[in-house]
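Please read the structure below before turning to the comments.
Every number here is computed from the coordinates shown, using simple stated rules; none is lab data. It should be emphasised that the depicted structure is a prediction, and the values quoted were computed from it without experimental measurement. In this analysis, Cβ positions are derived from the backbone assuming ideal geometry, glycine residues included, and neighbour counts consider all displayed protein chains.
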Amino acid sequence: MTEIPAPSNRHPTHEIVSLQITDTDLDFEKAADVARSRARAINKNAMMLAWFNRRSGEGFPDFDCGAGDKPPWRVFAEARGANLTVDVNDGEFIFLYLRF
């Protein structure tokens, strides 16, 4: 089992990176690869906590994580200290990361 350390105060703000990808063959895997590359360029230890694919309506994790109007994948990531969002094509794909 891997232990996720508590978020540090080194990155107290939540950074949002917006990417526009015009590749006509863009799919979830390609978007995830680009998002991972950008997140790791910002912080080499960035760890993806959750994602959302608007095309399919799927998010991960997809189990209920508390009550409220936020989707489970966002609740899960925020509860674990997500402090970096990579938004591809205005919400077509969203990836939430933890920067250490």
>> Over the Cα atoms of the range 15-98, what radius of gyration and what Dmax do you get, in Å?
In response: 12.3, 37
> Assuming R0 = 35 Å, what is the FRET efficiency of THR24 and ALA79, from their Cβ-Cβ distance, to the nearest 0.05?
Replying inline: 0.45
